[in-house]
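In what follows, a single structure is set out as structure tokens and then discussed.
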Amino acid sequence: MSTTTPDRPILPAPSHAALATIRTTAVALAVLAGGLAAQLWRYDALLGGRVARAAIPHDDRGWRWPHFVANGVSLAGGTLIAPALLLTLAAVLSVRAGRWRPLLGAGAAVLLVAVCLAVGKGLAGGSAISGPATTSVVCWGAAAWLLRHQVRDSLRHALHWLAASAALTIGIAQLYLGHPLAALLASWLLGALVLAVLALLAHGSGGARRGTQE
């Protein structure tokens with residue numbers, strides 16, 4: 001009977017500057033989320049949706065920079081760039097580990113979230129689910145899953161905070177752009193369910209592979 005050992009870190013240890021940059025970025029994203037939420041609170045528009053669109057005046061000087069930032073955050077962490085970054089990370093891990101499993105897992109995550117968004121928006125309507133909010137939860141969560149055994153503890157913890165801050169900021173940005181709060185919560189829940197399905201599939205395939213080795 002053969003035994004298996006946990007994957008050892010295959011990425012180099014991060015420098016102090018790299019760790020500081022990741023942590024600073026996580027804090028900056030959290031502050032940005034707080035700023036957007038404060039603007040929504042200022043106009044009594046925390047419910048998002050039509051309330052936000054009607055309450056926040058477009059000609060208000062304070063509206064312009066948050067609206068621009070919210071659009072940029074949603075684009076950067078949403079349905080295009082986040083999947084591309086996840087697939088790039090998975091490709092690097094696959095090359096370094098000499099196996100296809102990370103890339104296949106990332107591809108499955110991107111495909112599954114795309115299918116869920118298409119079906120969900122088709123059934124409930126385009127405004128009922130936020131694509132960027134759902135995609136950010138799945139992609140950043142999948143990235144954290146892929147890196148759980150590949151990096152040192154300090155970097156893993158910093159990346160977890162960064163992923164959480166990114167998902168939170170993108171969600172608040174979606175509220176600011178007019179998505180209802182109910183749609184945001186549904187999007188986060190859908191993203192968490194997709195991650196749970198991927199984790200179950202990964203656990204099942206890992207158990208089956210270990211069984212064949214025994």
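The values are calculated or read from the model by the stated rules, or taken from the named source; none is laboratory data. The structure presented is a predicted model; accordingly, all values stated were derived computationally and were not measured. Using ideal geometry, Cβ is built from the backbone for each residue, glycine included, and neighbour counts are taken over all protein chains shown. Only protein heavy atoms, including side chains, enter the accessible area calculation; ligands, DNA and RNA are left aside. Shrake-Rupley method; radii C 1.70, N 1.55, O 1.52, S 1.80 Å.
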Say R0 is 35 Å: what FRET efficiency, to the nearest 0.05, do LEU80 and SER15 get from their beta-carbon distance?
-> 0.75
Please work out how much accessible surface HIS160 shows to a 1.4 Å probe, ignoring ligands, DNA and RNA, in Å² rounded to 10.
-> 80 Å²
Length gained if ALA114 through TRP41 is fully extended, taking 0.36 nm per residue and subtracting the Cα-Cα distance, is 23.1 nm
Given a 1.4 Å probe, how much area per residue of region 76-214 is accessible, in Å²?
-> 48 Å²
Can you tell me the dipole magnitude for region 94-158 around its Cα centre, using point charges on the Cβ only (Lys, Arg +1; Asp, Glu -1), in Debye to the nearest 20?
-> 260 debye
Between the modelled labels at ALA144 and ALA91 (7 Å from Cα along Cα→Cβ) the distance in nm is 2.6 nm
